[in-house]
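Asks: My structure is below; once you've seen it, I'll send some questions.
The values are calculated or read from the model by the stated rules, or taken from the named source; none is laboratory data. Keep in mind it's a predicted model, so treat the numbers as computed, not measured. Neighbour counts run over all protein chains shown; Cβ positions are idealised from the backbone, glycine included. With ligands, DNA and RNA removed, areas are computed over all heavy atoms of the protein, side chains included. Shrake-Rupley method; radii C 1.70, N 1.55, O 1.52, S 1.80 Å.
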Amino acid sequence: MIRSIGLTESERLVRETTLECLADCADKTDAARHAFQVLAGLGILAVPLAEAEGGMGEGLGNAALVLEPLGHHALVTPFIETVCVPAAIAECYPGFLPLQAALQSAAGGGAGAVLAWMEEARGWSRSPRSTVARRQGEDWLLSGVKPLVRWGGAAAAFIVTAMADGAAGLFWVPADCRGVTLRNHRAADGRTLTDVVLDDVVLPPDSRIDTGGGEDAIDYALDAAASLSMAEAVGLMNRLLEMTVDYLKAREQFGGPLSRMQALQHRLVDIYADVECAWSLSHDAACCLSRDVLVDERRKTVSSAKAYVGRLGRRAGQEALQMHGAIGMTKEYPLGRYLQRLTALSLDYGDSDWHLGRLADALREDAR
């Protein structure tokens, strides 16, 4: 395995500690929730935060060291949504104190804030249009619908994207605020998805998070989410490979274990190559998660990686399922949980086609 190449000693320590910790949690009842609390107690959830907030102070990309092990054990947690995405926004606007408090709470395993950015009939477009904040005296009046907010059912507050004064803005909306209605749905991978309905929600003047540049902050936060979700996908792909190897070693047919068949060995090698390639791409994307990196460079790196890793994950899942045969289709066998999560991650924060389109637009702009 080449995934330790390029990591510092402290980064390797974080990754190995997380792997060992999650191995102890995997057999617990409600393993994902238990693992999330254990990681919080060890301070690992604070890894992507600044040193003053208990983190490593080396940038958002370090969250990949936690997300790959989480994927390896198929533990679905709100780490990206409640810690990583708000941390990206806090990096843009460090003076907004409610956001800092929510980050501290989430890193400690408590309720945090999540970004509500999607809009109905807008696909993966990141710019708000139908959600509008208009002035009412000194206050703001916020209206709109934000569908499918990840982990919205357990959030203490929402970071809502909306058009305000002709530009994209970010607003702090407590979940119990008057005029906010939540409709929760359960996704196939176990997450809570929430439709947030904002019906003339009155917000105080200081509820606006951004001080300008809201569009860039939204883009940065969602690039962080897209990039880090790929690290989790790599963990899922790696475990799929391990499960398939173990199954082929144990399953006997034609007078011996299936693992002796050269054609299947070649297919396993292809999955291994895909896993390592996916890690390299996701690592490159994670390294671009800094405000010091040029925006165009970050967008191209994240989109090229997201487009490719999504397809690699799909291929790895299909190969693993086919080599398992009928047992892979049963509800009791864990392979299905990995495939469900891989599918969900391939669609989160823009699917392969959307990111390919954004990459093509960037390359055409460069060619002019």
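Asks: Give Phe158, Phe254, Phe171 a once-over and let me know the one that is open to solvent by 10 Å² or more (accessible area, probe 1.4 Å) and aromatic (Phe, Trp, Tyr).
Replies: That would be Phe254, the only listed residue that is open to solvent by 10 Å² or more (accessible area, probe 1.4 Å) and aromatic (Phe, Trp, Tyr).
Asks: Need pairs with beta-carbon distance below 8 Å; first residue touching a residue at least 12 places away in the same chain (Cβ under 8 Å) and within the range 321-333, second of a type in the set (D, E, K, R) and surrounded by 11 or more Cβ atoms within 10 Å (Cβ to Cβ); sequence gap 6+ or separate chains.
Replies: The qualifying pairs are Met323/Arg267.
Asks: Quick check: anything in the range 31-40 over 30 Å from Val269 (Cα atoms) and not in a helix (DSSP H, G or I)? Don't jump to the end; show me each part of the working.
Replies: Step one: list which residues in the range 31-40 are over 30 Å from Val269 (Cα atoms), which gives 31-40.
Cutting the leftovers down to not in a helix (DSSP H, G or I) gives us none.
There is no residue in the range 31-40 that is over 30 Å from Val269 (Cα atoms) and not in a helix (DSSP H, G or I).
Asks: Given the criterion of a type in the set (Lys, Arg), touching a residue at least 24 places away in the same chain (Cβ under 8 Å), surrounded by fewer than 18 Cβ atoms within 10 Å (Cβ to Cβ) and out of contact with any Asp or Glu (no Cβ under 8 Å at 6 or more places or on another chain), identify the matching residue among Arg291, Arg314.
Replies: Exactly one residue qualifies, and that residue is Arg314.
Asks: Give me a count of the residues in the range 89-107 that are more than 12 Å from Ile209 (Cβ to Cβ) and crowded, with 24+ Cβ neighbours inside 10 Å.
Replies: 3
Asks: Pick from Glu20, Glu11, Glu68: which is surrounded by 20 or more Cβ atoms within 10 Å (Cβ to Cβ) and closer than 26 Å to Met237 by Cα?
Replies: Checking each option against the conditions leaves just Glu68.
Asks: Only one residue in Val302, Val309 is modelled with pLDDT of 95 or more, under 15 Å from the mean Cα position of the chain (by Cα) and open to solvent by less than 50 Å² (accessible area, probe 1.4 Å). Which one?
Replies: Among Val302, Val309, only Val302 is modelled with pLDDT of 95 or more, under 15 Å from the mean Cα position of the chain (by Cα) and open to solvent by less than 50 Å² (accessible area, probe 1.4 Å).
Asks: For the range 41-55, what are the residues that are in a helix (DSSP H, G or I), touching a helix residue (DSSP H, G or I) at 6+ places or on another chain (Cβ under 9 Å) and open to solvent by 50 Å² or more (accessible area, probe 1.4 Å)?
Replies: Within the range 41-55, just Leu42 meets the criteria.
Asks: Output the number of the condition that Glu58 fails; it satisfies all remaining conditions of (1) in contact with an Asp or Glu (Cβ under 9 Å, 6 or more places away or on another chain); (2) outside any loop (DSSP other than H, G, I, E, B); (3) of a type outside the set (A, V, I, L, M, F, W, C).
Replies: (2)
Asks: Enumerate the pairs (first residue in the range 82-105 and more than 20 Å from Ala64 (Cα to Cα); second residue anywhere and β-branched (Val, Ile, Thr) and open to solvent by less than 60 Å² (accessible area, probe 1.4 Å)) with beta-carbon separation below 6 Å, excluding pairs fewer than 6 apart on the same chain, so at least 6 apart or on different chains.
Replies: These pairs meet every condition: Tyr93/Ile209; Phe96/Ile209.
Asks: Of these, Gly350, Gly328, which one is in a loop (DSSP other than H, G, I, E, B) and open to solvent by less than 20 Å² (accessible area, probe 1.4 Å)?
Replies: One residue alone meets the criteria, Gly350.
Asks: Considering only residues that are within 13 Å of Gly144 (Cα to Cα) and within 20 Å of the chain's Cα centre (by Cα), look in the range 174-200 and name the one that is most open to solvent (accessible area, probe 1.4 Å).
Replies: Top of the filtered list is Asp195.
Asks: Could you pull out the residue among Glu138, Glu120 that is of a type in the set (D, E, K, R), surrounded by fewer than 16 Cβ atoms within 10 Å (Cβ to Cβ) and out of contact with any strand residue (DSSP E or B) (no Cβ under 7 Å at 6 or more places or on another chain)?
Replies: Matching residue, one of Glu138, Glu120: Glu138.
Asks: Would you check if Leu289 is at pLDDT 90 or above, in contact with a Gly (Cβ under 6 Å, 6 or more places away or on another chain) and under 29 Å from Cys84 (Cα atoms)?
Replies: Working: at pLDDT 90 or above: yes; in contact with a Gly (Cβ under 6 Å, 6 or more places away or on another chain): yes; under 29 Å from Cys84 (Cα atoms): yes.
Here the answer is yes, as Leu289 does meet what is asked.
So that you can scan it fast, the table gives a plain yes or no per residue for (1) under 19 Å from Thr82 (Cα atoms); (2) surrounded by 20 or more Cβ atoms within 10 Å (Cβ to Cβ); (3) polar (S, T, N, Q):
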{"residue": "Gly144", "(1), (2), (3)": "no, yes, no"}
{"residue": "Ala154", "(1), (2), (3)": "yes, no, no"}
{"residue": "Val202", "(1), (2), (3)": "no, no, no"}
{"residue": "Asp206", "(1), (2), (3)": "no, no, no"}
